[in-house]
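What follows is calculated from the coordinates using simple rules that are stated; it is not laboratory data. This structure is a prediction, so every number in the text was calculated from the model and none was measured. Backbone-built Cβ (ideal geometry, glycine too); neighbour counts: all protein chains shown.
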Amino acid sequence: MSHLSYRSLASTAALAAVVAVAVFVALLAPSPATGQTQSPATKAPPAAKAGTPPRTPDGKPDLQGIWTDNTLTPLERPKALGTKEFYTDQELTEATKKARQGNPGEEAELGAARQQAVRYDLELYGFDAGKLRFSSNRTSLIVGPEGVVPPMLPAARERNAERAAINKGHEFDSYANRPLSERCILMNQERIPMTPGANEGNLLQIVQGPGYVTLVHEIDHSTRVIPTDGRAHVPQNIRLWQGDSVGHWEGDTLVVDTTNFTNRTPFRGSSEKLHLIERFTRTADNVMTYQFTVEDPATWAKPWTAEIAWTKTKGPVYEWACHEGNTMITTILRGARVGDAEAAKKGK
């Protein structure tokens, strides 16, 4: 499976991709007519005041750079911790030590950093257990005393059970019955809301231009262009795998509102009524606070919010080869057809 070797050495292709995105965003800015004064894009950025983030040439908070959301913090709080929202520094040190020794317990989520000898040797792809970490003292990404996803509504449980029942026994009928990730269309790490992983290829580069903010994911080299020019959402009859995102600024925070999801890409069992609010706030030169609030009246009785601390890094963002040369879906379906033929032969 070619996508397993995503930390390839094709840095030239990766650099070209990032440059192309930056050029794309820059081209979106209107050019001044002859005789006009110098455009804001050519002026020096205004100096940042103490305690405020740096600014882009057009005066917006500068969120640009390469960021990582690498963390061991689980989405939901372990039951044993009750309403405890934060670890002490000493508790965090002990939990980190345990995780690096391969014994994370319920306090940490190793994800792709968990040793899987049958798949591949993690160290070949840059997985270093010695660098596993918690990005904050939070006991769970979900904020608040409960620290867990609210119970799913009965109607939602029924809806998801029906969906699973329809596909049961037909999982290998065709590509349409398989997860989108097997065709590299939508990987879990690039989906929104953006949930973190531990020690995996989870870098994200932010590039800004007048009226737009662009997010370039290392995973699947996915690019998300968010307009911040005040436009409305697309009509409700237009549905997208990642929904329709529009952004605006609230002080130093970029707020992104996403609707128009499709029921083919549910988030933790959500419906197409999913409404997502993301907030990006640069709280220090090397720290970004990413917060998202999930609302779906057809799935949960109330909204819930999670918060992740991102850390700035030098990168680089490597090419993540997934679709290129990927034979996963054809191999899976070919194997299923062979199995069908053998079953039919035995039946005769």
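Quick notes
- The residues packed around ARG163, meaning those with a beta-carbon under 14 Å from its beta-carbon, carry a net charge of +1 if Lys and Arg are +1 and Asp and Glu are -1.
- Highest average packing first - 167-175, 321-329, 220-228, Cβ atoms within 10 Å: 220-228, 321-329, 167-175
- Ordering of 153-160, 257-264 by burial proxy (mean other Cβ atoms within 10 Å per residue, highest first): 257-264, 153-160
- The amide H of THR313, built 1.01 Å from its N in the peptide plane, has ILE66, TRP67, THR68 as neighbours under 5 Å, considering only residues 5 or more places off or on other chains.
- With the simple spin-label model, which puts each label point 7 Å out from Cα in the Cβ direction, the PHE172 to THR289 separation comes to 5.0 nm.
- Straight-line reach from LYS302: taking Cα to Cα under 16 Å and skipping same-chain neighbours fewer than 8 places apart, the lysines in range are LYS273.
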